Amino acid sequence: MSNKTKLFSDSDKAVIIQDASEQINKQLSSEGRRRFLKHGLTLGGLMMLTGCDISSNESVESTLSGISRFNDRIQGWLFNANDLAPVYPESMMTRPFPFNAFYSEDEAPTINGDDYRLELAGLVADKRPWTLAQLHQMAQVSQVTRHICVEGWSAIGKWGGVPFSLFLKGIGADLNARYVSFKCADDYYTSIDMATALHPQTIIALTYDGEILPRKYGFPMKLRMPTKLGYKNPKHIQVIEVTNRYPGGYWEDQGYNWFGGS
């Protein structure tokens, strides 16, 4: 057991997070900020709050930014690539699986799979674009896992596709790089840490429930990560970049926690 796992038990961490969230919720008047802290606060946030004055709007924003930055570091430090998210029997799948985006379902992008090309950028040895057919020819896995939304709901679905670690190794990505970022056809963008990118349950999802990935769930491909909150799972991916430059994200740049997971 490493030193970091000896510091606090799982029950201790849960109590710390709950207590910190309750303290912050008493101080803030913005419902959106309360929701953000409730879902994003960890041990790091509580440590930073000790002795902080958050009575003014300026100090609230400063404290929230500090909490988020420290929270990312703590979550990254605690993340264990060998810990797996729970898997479920198909009988527990949520039907229908809910649509979720910052736009309505009929506004989801329509993409021609025959013309689709996945572009690669950054610290990658082979930057040749990939066709959808090439992705489907790679080794495939499937998982029945839970999607957890920052808004408070969850749903269980069955996703199939290519292990992302296999893909990254195949294109000669620098596996020591800090970030992998994604640009999408719906103007969404986000980024993840390399440890999560290499996690065995992180996949390039090409199917849902045994069928070609529907448009509403991210056709032609999405990144499925059961170790991350829903907003970290990009859909309709067009560009993947491996980089050491912090890429941010659509919601993250508006104040959401960047690490966004376990």
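The values are calculated or read from the model by the stated rules, or taken from the named source; none is laboratory data. Predicted model, so just to flag it, every value in this text is computed and none were measured. Cβ sites come from the backbone with ideal geometry, for glycine too, and all protein chains shown count toward neighbours.
Is the range 217-225 home to any residue that is under 25 Å from Gly172 (Cα atoms) and at pLDDT below 95?
Checked the range 217-225: no residue is under 25 Å from Gly172 (Cα atoms) and at pLDDT below 95.
Just for the range 213-253: of the residues that are free of Cβ contacts under 8 Å to residues at least 24 places away in the same chain and surrounded by fewer than 23 Cβ atoms within 10 Å (Cβ to Cβ), which one is nearest to Pro96 (Cα to Cα)?
Among those residues, the one meeting the criterion is Pro214.
So, of the residues in the range 224-248 that are in a strand (DSSP E or B) and within 12 Å of the chain's Cα centre (by Cα), which turns out to be nearest to Ile111 (Cα to Cα)?
Only one residue tops the list, namely Arg224.
Where in the range 119-218 are there strands (runs of 3 or more DSSP E), lying wholly inside it, with at least 3 residues that are under 20 Å from Pro86 (Cβ atoms), within 16 Å of the chain's Cα centre (by Cα) and not β-branched (Val, Ile, Thr)?
The qualifying strands (runs of 3 or more DSSP E) are 154-163.
Within the range 198-212, how many residues are buried (at least 22 other Cβ atoms within 10 Å of the Cβ), touching a Ser or Thr at 6+ places or on another chain (Cβ under 7 Å) and not polar (S, T, N, Q)?
1
Of the conditions (1) in contact with a Phe, Trp or Tyr (Cβ under 7 Å, 6 or more places away or on another chain); (2) outside the structural domain of Pro109 (by TED's automatic domain parsing); (3) within 18 Å of Val87 (Cβ to Cβ), Gly261 fails just one. Which one is it?
Only one criterion is unmet by Gly261, namely (1).
Residues to consider are Leu123, Leu118; find the one that is closer than 17 Å to Leu213 by Cβ and either assigned by TED's automatic domain parsing to the domain that holds Leu168 or in contact with a Ser or Thr (Cβ under 7 Å, 6 or more places away or on another chain) (or both).
Leu118
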